[in-house]
Amino acid sequence: MLAAAAAGVGVAHGTYSASSSDASGYISEARLIASAHLADDEPLAREVAWPNATWAFAPLGYRPGGEAGELVPTYPAGLPLAMAPVRLLGGELAAYLVVPILGAVAVFATYGAGARLHSRRAGLAAALLLATSPIVLFQVVQPMSDVAVTAWWTLALLFALSPLPNGPLAAGATTGLAVLTRPNLLPFAAVVAFAVLNLPRGHHERRLRPDRLIAFVAGLVPAAGAQFLMQWRLYGSPLTSGYGTASELYTPGNIGPNAVAYAKRMLAGETAALLLALAAVAVLAATRGRRVDAPPLKQPLVLATIAVAIVVGSYLPYGVFAEWSYLRFLLPAFPLLFVLIGALCTNALSRLPLPLRAAVFLGALAAAASMNVDRARQEQAFNMRRYESRYSLAGRYLASALPADTVVVTGQESGSARYYATLPILRWDQLDVDFDLALAALRAIGRHPVLLVEDWELPQLARKYPRSPYAQLDWRPRAEFGEETRVFLYDPDDRGSARTWPADRVH
């Protein structure tokens, strides 16, 4: 029921929009893979004489490939690979259902892992904390990889804990899917490997199983090899990702600010889970001398500690971001962390009088779920469709209203504009030439430029090109989109004209 509820939130409140950089990048890459291609091409980048022209014609979510005009995805192929067959079978809309389905998988696998590591009660508590986690609810409505990679890692852990003969092979294969989805978390495979080895020894299985490690590695190698080959083909080196090299991405100076930022995000976003953990520890400390028959905490404690250390260690030196939503980077560690909290709560309950246990357990879970859902509501998790709709509204309008010779000059809307309208885009924020010169060059090769700019970008465009009359956007737009954030479509040919009719207002 909890897994179905998590998927239901994603389906009912999903954005269904190829928005911004991440969502448009994953959705467009899925379309690319479904058409049997790994890279896209923009011929206009070879027709102009600008420096770094391919960068200027690359939408958000893409970067230049090895040749002029080649556009390669920035994001790893794991999630698009999962979306591509679903898209081929069910169309564009079906691709947006992949993340909600994987959200259900993550919740169900968390329950199974908790049951294997400790008890069914611990698994239930962990599944509820994950299904109602504010950051999970915020991400399950968006076509992004955070929920997906969490699902793959948790499912791999469940396979690793399974007594079935092919469990290690399945764990390796699922770990491979996680690596394809988020390659920088390859060290997390150590957590799954420990579970495969039964290290530390669990109460279900008392002996170490080194014989299972070979099957785990055999399952992992194909996907890991495919990831290295794709990076070699697309970015010129098996060790370079679409985001760049490790030296470009990680800086020791980020560790301090990120440590403070992630601690604040955890306190604000996972208050309910942390309060449950504190209450459980308090009960255990207060009743320390009492003998009870409860499963040991060693296995979930060790695995959760390693998982948190690997994930946090992977992102502390990474870029510093201000938004609360970047707590999503830590999501892969949440299932094991919540299993540990569920195990603590279960052991604490065993210290209480028997008639109180069920009422306290259900009451605590209900309170935690209520706090989580209310926090998700405050963070606008259930309003993301309305907020992100401006991307699809603008993109579909461009597809219906603009002729084939149009070039859309844009910034934030570049990924969605190219995806929906299938027209060339020109990133004004990536131009290395004068703005008016670029517009004139497009006209000289028979192209008609239009400008698609979000309201907060207007002053930035004017500051970047202060001498350009076109960059001031001081004439009436052709169309407007969005509510909280407004998007405007301008035609440079309208500047100085006597056009008086109102702009199209698309809600």
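The values are calculated or read from the model by the stated rules, or taken from the named source; none is laboratory data. Worth saying up front: this structure is predicted, and the values here are computed from it rather than measured. When we count neighbours, we look across all protein chains shown, and the Cβ atoms used for this are built from the backbone with ideal geometry, even at glycine.
Note on region 466-507: among residues that are surrounded by 10 or more Cβ atoms within 10 Å (Cβ to Cβ) and of a type in the set (Ser, Thr, Tyr), the one that is nearest to Val408 (Cα to Cα) is Tyr490. When you go through Leu278, Leu301 one by one, which is the residue that is assigned to a helix (DSSP H, G or I) and surrounded by 18 or more Cβ atoms within 10 Å (Cβ to Cβ)? Unique residue meeting the criteria: Leu301. Among the residues of region 100-143, those identified as farther than 19 Å from Ala156 by Cα and polar (S, T, N, Q) are Thr132, Ser133, Gln139, Gln142. When Gly256 is tested against the conditions (1) under 22 Å from the mean Cα position of the chain (by Cα); (2) closer than 30 Å to Arg375 by Cα; (3) not basic (Lys, Arg), the lone failure is (1). If a residue has to be acidic (Asp, Glu) and crowded, with 23+ Cβ neighbours inside 10 Å to count, how many in region 336-393 make the cut? Selection size over region 336-393: 1. Looking only at region 322-338, decide whether some residue is more than 30 Å from Ala366 (Cβ to Cβ) and under 20 Å from the mean Cα position of the chain (by Cα). There is at least one residue in region 322-338 that is more than 30 Å from Ala366 (Cβ to Cβ) and under 20 Å from the mean Cα position of the chain (by Cα). Among the residues of this structure, Phe361 does not count as one that is in the same structural domain as Leu284 (by TED's automatic domain parsing), under 23 Å from the mean Cα position of the chain (by Cα) and not β-branched (Val, Ile, Thr). The requirement of being assigned to a helix (DSSP H, G or I), closer than 23 Å to Glu47 by Cα and of a type outside the set (Val, Ile, Thr) is satisfied by Arg418. The condition (being within 17 Å of Tyr419 (Cβ to Cβ), at pLDDT 95 or above and touching an Asp or Glu at 6+ places or on another chain (Cβ under 8 Å)) is satisfied by just one residue among Ala23, Ala18: Ala23.
Of all the residues in region 1-13, those that are within 21 Å of Gly482 (Cα to Cα) and either among the basic types (Lys, Arg) or under 14 Å from the mean Cα position of the chain (by Cα) (or both) number 0.
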